[in-house]
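Please read the structure below before turning to the comments.
The values are calculated or read from the model by the stated rules, or taken from the named source; none is laboratory data. Given the structure is predicted, the values throughout are model-derived calculations rather than measurements. No Cβ is skipped: glycine too gets one built from the backbone with ideal geometry, and neighbour counts run over all protein chains shown.
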Amino acid sequence: MAVKVKYVERPQLTNRERILFIDFIKGMGITIKNFFRKTITTAYPFEKLTPPIRFRGTHAHRVKDGKEPPSFKVLERFMDIQEGESRCVGCYMCQQACPVPELFNIQTTQTEDGKKKVIRFDMNLLNCMYCGLCTEACPVDCLIMTDIYETASYHRAGTVIHMEDMTKRAVDFDTRRGNEPDRIWIDDEQRSKLWGQIKWS
Amino acid sequence: MDLLGTAIFLAIKSLIFIMGMFLGAAYLTLLERKFAGHVQQRPGPLHVGPHGFLQPIADALKVLTKEDLVPDNVDKVLFYLASLMAFVPAIMILAVVPFGEPFTIFGIEIQPYISDLNVGLLLALAFGSISIYGVIFAGWASNSKYPMIGGLRKAAVLIGYEVALGFALAGPIMMAGSFSLREIVEAQQGMWFIIPNILAFVVVVFCVLAETGRTPFDVQEAEAELVGGYVTEYTGMKFGLFPLAEWYIATFVLSAITVILFFGGWQPLPLLGWLPIPEFLWFFIKVFLLFMFFLWVHWTLPRYRVDQITEMAWKVMLPLALANILIVAVWIIIFG
């Protein structure tokens, strides 16, 4: 069967439009209308917007605080994790899900009583594309993404995040925005009523 | 001795005009950036000084202290000459632009113009045409394909619009009976020349946009297709002179000439003659309004193709200019 092709005539200008430059005048009307509108920019270093809760910013590790999902309860028996430490179980699922797996540097070891302990969890964020697949893969709801987007650093080593600062970031994130309904975006009024203006840096 | 005095006096006056134009052009950049910003709903320069008021000075310092690279394979003489060639004639047009009637302060008669040539308009046209060579030389001397294309495009555009501009200026000259810009203004005491010359004004607006490379006709730099057009190989102050000459000084000076030809120069706006505003201020108000109109057009319209531009020059603008000459001739026969 032949492909049906529909030809559409290009709308031609009428003589009135052509002589009096009607479309020029219409366009200039739009620009002058915009000229008198308020600017919509954010004066960035002085004024910072709060991203929505689903924002995919710098990664963080949730800690063991009694709010773990049931899957963690199963694995907990085999792990050497104290209260307030990262609840990472070293399953490497995040690395498996990652499109750029070499950005992870995860090392686990066996303690003397036969339990598993995560001794290193580094992420080189220079290679990260912030797709969020690692957070979806995490079976114990440990690896999350926060609303922090200021990741610049003076040297490359500064962009590598480690387990200690990731746990701190998650605690900070949960205290700030833990009670917030899971929505894509929240209008300004409600946003400022909920958590106000945040000064991160 | 008398000759020496005149020479020194003229030199000082020229220097004042040139410095004024430099400072004016610097602040016209700020004006344009603010205007462009607000058209796009952003504030423009904001942080250097109150509301970015000192931004032009910071820009000038930056451009002057930048490294000035000259590529290896360029034609050195033309490469250096081109930026001056674009800049100097544009500012030379100021020599014949009158800013008002001669007036007297402290018993000294001051003429707010450098010279009142009886062929002032011809000289302005000639300098306007010479400054085009800067762009064409820049394109040729850079020894690179994008500048070359930009320069050739500018040449193609300008061949058409210089002809139309020359014919369009014939109307006011016929009505005033003089090439002197001051006498043209004096001839507009009763009625501005815009009345019978409306077609010529349309042509002149398009020609000014084409000559200064503002948007509907900015094919010679066309940043999306030609990198930067003829300025691609330029750096530092040599680069800075091109936009300064084309976008600011040339636009300002050509706006001034358009105001002189069609809007009665330094004569007050109709119905506002009772306001206590001096003559040269009226002139600057009109030039400012026209300049803002050009900015407005620039930041509204997208770019024409080169073939559309040349087609419009030869098929629309030239016949319009010729029709204007006919209308003005009939007008002069009927009304004297």
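The criterion of being among the polar types (S, T, N, Q) and over 30 Å from B:G37 (Cβ atoms) holds for B:T310.
If we scan the stretch B:282-293, do we find a residue that is away from chain A (no Cβ under 14 Å), among the aromatic types (F, W, Y), over 30 Å from A:R18 (Cβ atoms) and more than 22 Å from the chain's Cα centre (by Cα)?
no
Does the stretch B:3-13 contain at least one residue that is surrounded by 15 or more Cβ atoms within 10 Å (Cβ to Cβ) and not basic (K, R)? Looking for residues that are surrounded by 15 or more Cβ atoms within 10 Å (Cβ to Cβ) and not basic (K, R), one finds none in the stretch B:3-13, hence no. Apart from one condition, A:C88 fits all of (1) within 14 Å of chain B (Cβ to nearest Cβ); (2) part of a loop (DSSP other than H, G, I, E, B); the exception is (1). Right, B:W247: within 14 Å of chain A (Cβ to nearest Cβ), aromatic (F, W, Y) and not in a loop (DSSP other than H, G, I, E, B) or not? It is false that B:W247 is within 14 Å of chain A (Cβ to nearest Cβ), aromatic (F, W, Y) and not in a loop (DSSP other than H, G, I, E, B). Considering B:V202, B:V185, the condition of being closer than 30 Å to B:K154 by Cβ and either touching a residue at least 24 places away in the same chain (Cβ under 8 Å) or buried (at least 23 other Cβ atoms within 10 Å of the Cβ) (or both) is satisfied by B:V202 alone. Under the condition of being surrounded by fewer than 16 Cβ atoms within 10 Å (Cβ to Cβ) and within 16 Å of the chain's Cα centre (by Cα), which residue from the stretch A:133-167 is farthest from A:I53 (Cα to Cα)? Among those that are surrounded by fewer than 16 Cβ atoms within 10 Å (Cβ to Cβ) and within 16 Å of the chain's Cα centre (by Cα), it is A:A152. Within the stretch B:180-203, the set of residues being under 26 Å from B:Q111 (Cβ atoms) and modelled with pLDDT of 85 or more is empty.
Considering the conditions (1) crowded, with 24+ Cβ neighbours inside 10 Å; (2) among the aliphatic types (A, V, I, L, M); (3) within 30 Å of B:R182 (Cβ to Cβ), B:V231 is excluded by exactly one of them, (3).
Residues are listed down the side, and each one gets a yes or a no for (1) in contact with a Phe, Trp or Tyr (Cβ under 7 Å, 6 or more places away or on another chain); (2) under 19 Å from A:L75 (Cβ atoms):
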residue	(1), (2)
A:I106	yes, yes
A:M123	yes, no
A:C128	no, no
A:D141	no, yes
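The numbered conditions (1) within 14 Å of another protein chain (Cβ to nearest Cβ); (2) over 24 Å from the mean Cα position of the chain (by Cα) are all true for B:M1 except (1).
Every condition in (1) touching a Ser or Thr at 6+ places or on another chain (Cβ under 7 Å); (2) within 14 Å of another protein chain (Cβ to nearest Cβ) holds for B:H51 except the one numbered (1).
Listed by position, the helices (runs of 4 or more DSSP H) contained in the stretch A:13-79 that have at least 3 residues being modelled with pLDDT of 80 or more and within 14 Å of chain B (Cβ to nearest Cβ) are A:22-35. Going by the conditions given, is B:A36 surrounded by 13 or more Cβ atoms within 10 Å (Cβ to Cβ), more than 14 Å from chain A (Cβ to nearest Cβ) and part of a helix (DSSP H, G or I)? Criteria not met by B:A36. Enumerate the pairs (first residue in the stretch A:75-101 and more than 21 Å from A:D174 (Cβ to Cβ); second residue anywhere and of a type in the set (G, A, S)) with beta-carbon separation below 7 Å, excluding pairs fewer than 6 apart on the same chain, so at least 6 apart or on different chains. What qualifies is A:M93/A:A137; A:Q96/A:A137; A:A97/A:A137. Scoring B:T310 on the criteria (1) within 14 Å of chain A (Cβ to nearest Cβ); (2) under 22 Å from B:G150 (Cβ atoms); (3) hydroxyl-bearing (S, T, Y) leaves a single failure, condition (1). Taken as a whole, the condition of being under 28 Å from B:V287 (Cβ atoms) and either within 14 Å of another protein chain (Cβ to nearest Cβ) or under 23 Å from the mean Cα position of the chain (by Cα) (or both) does not apply to B:A58. Would you be able to say whether some residue in the stretch B:307-314 is more than 30 Å from B:N143 (Cα to Cα) and in a helix (DSSP H, G or I)? Yes. Against the conditions (1) in contact with an Asp or Glu (Cβ under 8 Å, 6 or more places away or on another chain); (2) within 22 Å of A:T175 (Cα to Cα); (3) in a strand (DSSP E or B), A:N105 satisfies every one except (2). With respect to the conditions (1) away from chain A (no Cβ under 14 Å); (2) surrounded by fewer than 16 Cβ atoms within 10 Å (Cβ to Cβ); (3) within 23 Å of B:L295 (Cα to Cα); (4) not β-branched (V, I, T), B:M21 falls short on a single one, namely (2).
Could you say whether any residue in the stretch B:242-250 is in contact with a Phe, Trp or Tyr (Cβ under 8 Å, 6 or more places away or on another chain), closer than 21 Å to B:F99 by Cβ, buried (at least 17 other Cβ atoms within 10 Å of the Cβ) and free of Cβ contacts under 8 Å to residues at least 60 places away in the same chain? No: zero hits. Being modelled with pLDDT under 90 and touching a Phe, Trp or Tyr at 6+ places or on another chain (Cβ under 9 Å) is a property that A:G90 has.
Among the residues making up the stretch A:89-121, those that are in contact with a Lys or Arg (Cβ under 9 Å, 6 or more places away or on another chain) and either surrounded by 15 or more Cβ atoms within 10 Å (Cβ to Cβ) or β-branched (V, I, T) (or both) are A:V89, A:G90, A:I106, A:T108, A:T109, A:T111.
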